[in-house]
Amino acid sequence: MHDFEKLGSFYLGRAYDLAGRRLLDALILYDANDLTTHGLCIGMTGSGKTGLCLDLLEEAAIDGVPAIAIDPKGDLGNLLLTFPDLRAEDFRPWIDEEQAARKGLTPDAYAAETAEAWRKGLADWGQDGARIARLRQAAEAVVYTPGSTAGLPISVLRSFDAPPAQIAEDTEAVRDRVQGAVSGLLALLDIEADPVASREHILLSTIIERAWAESRNLDLPTLIGEVQQPPFSRIGVMDLDSVYPEKDRFELAIRLNQLLASPSFAGWMEGEPLDVSRLLYTSEGRPRIAVLSIAHLSDPERMFFVTLLLNEVIGWMRRQPGTPSLRALLYMDEVFGFFPPTAMPPSKRPMLTLLKQARAYGLGVVLATQNPVDLDYKALANMGTWFIGRLQTERDQARVLDGLEGAAAATGQTFDRARLESTLASLGSRVFLMHNVHESEPVVFHSRWALSYLRGPLTREQIKRLMADRKPAAAPPAPPPDSAPQAPALTPEPLPERPLVAAEVNQYFLPLARPPQGTARLQYRPAIIGAAQLHYVRAGAGLDEWRDVALLADVPDATGGVAWESATVLAGGAWGADPPAAPAEYEPAPAGLGAGKQAGAWQRDLTQFLCAEHALRLWQCGAPKQTSQPGESEAEFRARLAQLARERRDLAVAKLRSKYGTKLAAIQERIVAAETRLERARAEQGYRGVETTLSVGATLVGALFGRKVASRRNITEAASAVRRVARTARGRDEVALAEAALNTAREQLAAAEQELAVELQSVEAAVDPAQFELTELSIPPRKSDLALRALGLAWTPWAVEADGSAQPLFRA
Ligand SMILES: Nc1ncnc2c1ncn2[C@@H]1O[C@H](COP(=O)(O)OP(=O)(O)O)[C@@H](O)[C@H]1O
Ligand SMILES: [Mg+2]
């Protein structure tokens, strides 16, 4: 393992001498935590942006930092092409056969050539197959293809679900989320809508906000129903029908329904739900690089998906505890069109929020673009690191410099425009100017060779092959949506009356999640509901948690007990006491059910069942001593432990920095002074040159300090002071004296390095979340605190077809 791999330093390449057009020795080691202030990578096509950003993602993964990588172009799937053995056969399935033909090579020969090129490229940069193996071991890379099944499909419809409790309390967060969901949806309908002025936006937002305020999830069919018949009659202070007449609402409903019925939309319903935590970590808590390929989508579809994704990322982020260390990365290759200077496409608002707030949560945002004119530089003024590659035109260079100047001004840094201008003009491919607010000055460097095979855009077929063994068994296709939105078919025929039930029996009604479609009839069927508030307490684990649970069980026969063990958990957990206003059919229920002694028995059974079967499961870790929070998955808990370990590591490194900083700077000063003195003395004697040791880049010291050796300037100043003093020195003795002084100083440096190396051994390397040993903790609810919320007969709405088949119309 390289020294820098222990230190949270990302190896991005080596310093580059623009004038001499050659690589220098100094490694460019980038402090991972600098990325929490985000990064921007700009350069023309072919300048090596994607290569550099993949280097960044690889380094992050090796350090256990997961990433979501949005891929509008198709290049990022290359992160899955990692071959530790670097054999020709490994490359063979992925090479460009046409390229081979153009070169007059057989595919096999070309694969062998490519494998060799990769081996050599890596070796030139001090890397090998073992490092590729390390990358593969550290993180799992996967490709998702939203709206398609080529890669892993991902379903976005959960985005209309009511947000989790932690967010629901934050009104601003909820408003952002509603706005994101609506903007995304309208983008998909290709309706350009201003969130404040457009009535489509206002209506949909109001519907969603209302539903969420009642903790009610929405799906598209329900949304369509509510667009036609909103569960409210006013918007703000105005009458709904004058703001948005029914006839026009019907048109919007039709458009939504066309969307729902379109074959391409079916793609959005398939696959695992869009869940940021699951994108970032495997179920074992291992970090992932989740490539979200959107190259196959149309522009409105891309906008829809990216907007929803960014909103989900914000939601996830806000649930994380704050951290000073890098926790995860969000990378977007080619951000063109999503973050423009003046326009406000739906994706821009959540991106702005991320740039403003993500730092506190350790989420680094990295954006790449080939089009410098298409960026909102004002909003990018807080970007901490700028990687500027070769740009095509002077106008582009000037534009980027304007942006950078703004960023430098925002942080109060000096900005030498003329110098940077000439630097930018002479950059070559894979050569970048890095401007990092956390470092003392900009540096020009050449990106290192990528561990992944950069074969370029992957075809659908290739993505399919790459992901073939990762896909879960095919799920049955979703039922086709109904063809046209219709008002609920409430036939005014004489209907069976609501059966009479003993007055002492509690009766409840589950709300209608959506109206029955087509010719289906609405029918209420009896079931048993049991709902309670449970209290989980464990002082040692800092646990004091109230939870609501609602169960729905089948109606037992007249004397039997309720089979709670086969009950379903009611997800929405909503029920009411009032019968529905509209007439409906009822299925009969035994009249005496749940009366008398039976009621007491039911209650005892339910309490017993909940205490036995609804224990809260938590995980406990011995080192560090932590207990998972209720609702925290194992993966999330492991990720949190890893983050704690990372914070500890970063703290230890910071301590070493401050401990050795002054000491090493003093030694360096002595070395420079001695070198200068020696140089002077030798010159007097007619010799030339002294080998200097100022370049510390490749040493351990360099790895620890990266480019943050604050004393570099002091060293130069000290050197010139010595130069003046040395002017008076004379003679051969002076040479010997200077040599001795230099040797002593070099020995001191070696000793300090040795000492540092020993101390570094106690700094823990980046942690593998799998290493934590967890024990499971099962905490039953406290029986004495169990508060019954509902127990009795529940009327559940169903859609019944003429042939007797039935679909539930409530949320189970
Ligand atoms: N880090 C790297 N390691 C190896 N090859 C690279 C690297 N970066 C770029 N390249 C080569 O240069 C080509 C263009 O670079 P790329 O990053 O795709 O440019 P951009 O994204 O700016 O258009 C890549 O296809 C690859 O062959
Ligand atoms: Mg690119």
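The values are calculated or read from the model by the stated rules, or taken from the named source; none is laboratory data. These numbers were taken from a predicted model, which means no experiment stands behind them. Positions of Cβ are generated from backbone atoms using ideal geometry, with glycine treated the same way; all protein chains shown enter the neighbour counts. Remember, those area values only see protein heavy atoms, side chains included, never the ligands or the DNA or RNA. Shrake-Rupley method; radii C 1.70, N 1.55, O 1.52, S 1.80 Å.
The set of residues in the stretch 35-63 being closer than 15 Å to Val291 by Cα, within 15 Å of ligand 2 (Cβ to nearest atom), open to solvent by less than 10 Å² (accessible area, probe 1.4 Å) and not hydrophobic (A, V, I, L, M, F, W, C) consists of Asp55 alone.
Please verify whether Asp374 is within 16 Å of ligand 2 (Cβ to nearest atom), in contact with a Lys or Arg (Cβ under 8 Å, 6 or more places away or on another chain) and open to solvent by less than 60 Å² (accessible area, probe 1.4 Å), treating the condition exactly as stated. The answer is no for Asp374.
Is it the case that Pro350 is open to solvent by 20 Å² or more (accessible area, probe 1.4 Å), in contact (Cβ under 8 Å) with a residue 12 or more places away in the chain and not polar (S, T, N, Q)?
Working: open to solvent by 20 Å² or more (accessible area, probe 1.4 Å): no; in contact (Cβ under 8 Å) with a residue 12 or more places away in the chain: yes; not polar (S, T, N, Q): yes.
No: the conditions fail for Pro350.
Out of the stretch 801-812, which residues are over 18 Å from Gly225 (Cα atoms) and either open to solvent by 50 Å² or more (accessible area, probe 1.4 Å) or of a type in the set (A, V, I, L, M) (or both)? Matches in the stretch 801-812: Glu801, Ala802, Asp803, Ser805, Ala806, Ala812. Selection of first residues in the stretch 31-55 that are under 15 Å from Leu391 (Cβ atoms) and of second residues that are more than 11 Å from ligand 2 (Cβ to nearest atom) and assigned to a helix (DSSP H, G or I), restricted to Cβ pairs under 7 Å at least 6 apart or on distinct chains, gives the following pairs, ordered by first then second residue: Ile42/Pro372; Ile42/Val400. Which residues, counting only those in the stretch 255-278, are open to solvent by 60 Å² or more (accessible area, probe 1.4 Å) and either closer than 29 Å to Phe232 by Cα or not charged (D, E, K, R) (or both)? Scanning the stretch 255-278 gives Arg255, Gln258, Pro263, Ser264, Met269. Among the criteria (1) touching a residue at least 40 places away in the same chain (Cβ under 8 Å); (2) surrounded by fewer than 18 Cβ atoms within 10 Å (Cβ to Cβ), the one Gln137 does not fulfil is (1). Inside the stretch 552-567, residues that are open to solvent by less than 90 Å² (accessible area, probe 1.4 Å) and either in contact (Cβ under 8 Å) with a residue 40 or more places away in the chain or assigned to a loop (DSSP other than H, G, I, E, B) (or both) make up a count of 10. Within the stretch 410-434, if we keep just the residues that are among the small types (Gly, Ala, Ser), over 20 Å from Ala368 (Cα atoms) and open to solvent by 60 Å² or more (accessible area, probe 1.4 Å), the residue that is farthest from ligand 1 (Cβ to nearest atom) turns out to be Gly412.
Contact annotation: residue pairs with Cβ atoms under 8 Å, 6 or more positions apart or on different chains, pairing a residue in the stretch 299-317 that is in contact (Cβ under 8 Å) with a residue 12 or more places away in the chain with a partner that is among the acidic types (Asp, Glu), are Pro300/Asp190; Asn311/Asp176; Glu312/Asp275; Ile314/Asp176. Looking only at residues in the stretch 763-812 that are without any contact (Cβ under 8 Å) to a residue 40 or more places away in the chain and either part of a loop (DSSP other than H, G, I, E, B) or of a type in the set (S, T, N, Q) (or both), the one that is farthest from Arg521 (Cα to Cα) is Gln771.
So that you can scan it fast, the table gives a plain yes or no per residue for (1) farther than 25 Å from Phe338 by Cα; (2) hydrophobic (A, V, I, L, M, F, W, C); (3) at pLDDT below 90:
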residue	(1), (2), (3)
Val227	yes, yes, no
Asp248	yes, no, no
Phe265	no, yes, yes
Tyr281	yes, no, no
Pro287	yes, no, no
Ile294	no, yes, no
Leu297	no, yes, no
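Test of understanding: among Pro496, Pro472, which residue is modelled with pLDDT under 70 and more than 30 Å from Ala60 (Cα to Cα)? Steps first, answer last, please.
Values: Pro472 fails: more than 30 Å from Ala60 (Cα to Cα).
Just one listed residue meets the conditions, Pro496.
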